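Structure, as structure tokens:
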Amino acid sequence: MERIWRAEGLKVPSRQAKRGWLRLADGSCVRLRPERPNHVWAYDFVEDRTRDGRRFRMLNVVDEYTRECLAIRVGRKLKAADIIDVLSDLFILRGTPGHVRSDNGPEFAATAVKSWITGVGAKMAFIEPGSPWENGYVESFNGKLRDELLNAEVFNTLAEAKVLIEHWRRHYNTVRPHSSLRYCPPAPEVLLAPIPPTLKSPEPSGSAPALAKIH
């Protein structure tokens, strides 16, 4: 439906102020663009509430090149130790990325987080203060998460929120089409069909076929 609306020109884009590229004194661009999978990861926080009004937070980690959501950690309180815990699991599973991009908030700029990330071989890529567009990949993901799940669901408990959010993350990665990926999902599941057992290898050339003995 979203593609049809866009093709028919029915979706009116919201007005946004024009912003120039952030540049250094030598004229080079500050923005770090992802060039391959596992090159640049980004993470950010999103907040929501359960039915009883209590707040909970989500730590979202995204591969900027593939657009895949690598993890969503859900908890009432998430601190620097939680960031290290999530990233350490991902580093073991997927390898160490070249750069990790984040905001400049207290949790992100914590000395423990920065020291741990640089200690395992990755580089920090803090965005400029007051420049959320420099973290556009994860900000875009946060908006999709908000529009497609958080604004549409009422979470009765934190446990229910964890289950539904993880289910949506898997759907986002494997099923949901992404416009920047030619309407393919970031990490589609591939099913390999088994080889039929009836296939037989051909007999070697020159050999006579075996004949049944007739009595």
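Laboratory data are not the source of any read-out in this text; all were calculated from the coordinates shown. Nothing here was measured: the structure is a model prediction, and the numbers come from that model. Note that we place each Cβ from the backbone using ideal geometry, even for glycine, and neighbour counts take in every protein chain shown.
Annotations for the structure displayed:
- Lys, Arg +1 and Asp, Glu -1 on Cβ, resulting dipole of the range 29-179 about Cα centre, debye, nearest 20: 160 debye
- Note on THR111 and ALA187: the extension gain reaches 24.1 nm, defined as 0.36 nm multiplied by sequence separation minus the Cα-Cα distance.
- Taking 0.36 nm per residue of separation and subtracting the Cα-Cα distance, full extension of the segment from ASN104 to ARG51 would add 16.0 nm.
- Taking a quarter of the surface of the Cα convex hull of the range 29-179 gives a mean projected area of 9.1 nm².
- Pairs of alpha carbons in the range 41-100 separated by more than 16 Å make up 45% of all such pairs.
- Model label sites at ASP85 and LEU164, defined 7 Å from Cα along the beta-carbon direction, differ in position by 2.3 nm.
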